[in-house]
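Report on one structure; see the data block that follows.
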Amino acid sequence: MTFLFYPHDIVGIGNGMVAVAAIVLLQILMSKLVEKNKDFAFLVEGNPTLLVQNGKILRQNLDDEDLSEDDLMEMLREQSISSLSNTKKAYLERSGDLGLILKTGKKRRVKRKRVLF
């Protein structure tokens, strides 16, 4: 049997544990930096993206987020919104949710459906 990365010796469990510990520590460090520094949070997480304004789709923003118009309409239909005319604003939030502000003043949040290509 030929090993792809280590042809002559096998990596011990200690080395694997060190790698996992390093990843966990980096994750903790990143989350603390995001909590403390808004500029760093913007670089790492970004801002919400406006997809619909006053019932009109902002196609450039939709393209920037790799969403199709059909995906957007599906997310709206899941919340019983049949027409864009009922939507004042729709944001793709940093979490992947779709935040809606309806013309009636109600706010809703919809989970983004993950699409595998």
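Ranked by the mean number of other Cβ atoms within 10 Å of their residues, highest first, the peptides 80-90, 55-65, 25-35 fall in the order 80-90, 55-65, 25-35. Using the Cα coordinates of the range 47-110, the gyration tensor eigenvalues translate into equivalent-ellipsoid semi-axes of 16, 12, 11 Å, sorted from longest to shortest.
Spin-label pair E45-S83: with each label point 7 Å from Cα along the Cα-Cβ axis, the two points sit 3.6 nm from one another. Write down the Kirkwood hydrodynamic radius of the range 27-84, to one decimal in angstroms, obtained as one divided by the mean of 1/r over all alpha carbon pairs. Answer for the range 27-84: a Kirkwood hydrodynamic radius of 13.6 Å. Dipole size of the range 12-59 about its Cα centre, with +1 on Lys/Arg Cβ and -1 on Asp/Glu Cβ: approximately 220 debye, rounded to the nearest 20.
Each value in this text was obtained by applying a stated rule to the coordinates, not by laboratory testing. This is a predicted model, so every value here is computed, not measured. We place every Cβ from the backbone using ideal geometry, glycine too, and count neighbours over all the protein chains shown.
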